[in-house]
Amino acid sequence: MSSRDRILGRVRRALADVPQDDAPYARAVCRDYLRQHGERDAGETVDLLAENLVDYRAVVHRCGTGELPGLIAHLLGERGSRSVLAPPGLDEGWLADTDLKRVADLPDSTPRELDRVDSVVTGCALAVAETGTIVLDGSPDQGRRRITLIPDHHICVVRVPEQVVSSVPQALERLVPGRPLTWISGPSATSDIELDRVEGVHGPRTLEVVLMSG
């Protein structure tokens, strides 16, 4: 008898006394918890997102659609970036004001090659205001997960208010579970037993979030 057969046998024995018409798990578990904390309009929700992003040490900028190319060029110049990685589905207009070396999101790029990239610019799937979290799902404007985990500087553009939700339950309703979801709450960081914070351990040391309206 295989390990699989033994495990399934134990499951069957454990369920032997469960009536055939017993309520399925999805209906048996009470799910009347809060969907969000407090009532907020769209503007207040975006303000809460910005506040929590800053609390997580992300750098937050706001701009209109027409101002975005100039802002991204300014942020890359301020950083001193010489190269920028853009996923294939990113709006070309976002980088129209910069002439930096473009690095393609290639399947065979090695971690060492990606580590030499100065900055990466992406969109996002959505952002969660109550937790200050940016969610990426591997869509064409976000690229492969590794391009946002290896370069040291990540500029992420959030369209507001349409890509902003109040809470995690609301986010889960809009996300596709089968996609490669990455949940980002501030720059990469960790702390040792003495609570000494170290940033840039397993992701970008600097996360800049642009809240783009219009």
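The values are calculated or read from the model by the stated rules, or taken from the named source; none is laboratory data. Keep in mind that this is a model prediction, so the values were computed, not measured. Positions of Cβ are backbone-derived with ideal geometry, glycine not excepted, and every protein chain shown enters the neighbour counts. Side chains included, ligands, DNA and RNA excluded: accessible areas come from the protein's heavy atoms. Shrake-Rupley method; radii C 1.70, N 1.55, O 1.52, S 1.80 Å.
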message = Kindly evaluate Ser167 against the criterion of being open to solvent by less than 50 Å² (accessible area, probe 1.4 Å), over 19 Å from Glu92 (Cα atoms) and free of Cβ contacts under 8 Å to residues at least 40 places away in the same chain.
response = no
Subset tally (residues that are surrounded by fewer than 19 Cβ atoms within 10 Å (Cβ to Cβ) and under 28 Å from Gly38 (Cβ atoms)) for segment 190-214 = 2
ask   = Of the residues Asp32, Asp47, Asp55, Asp17, which is open to solvent by 100 Å² or more (accessible area, probe 1.4 Å), charged (D, E, K, R) and within 30 Å of Leu95 (Cβ to Cβ)?
value = Asp55
key: Residue check for His37: out of contact with any Pro (no Cβ under 9 Å at 6 or more places or on another chain), in contact (Cβ under 8 Å) with a residue 12 or more places away in the chain and open to solvent by 90 Å² or more (accessible area, probe 1.4 Å)   = yes
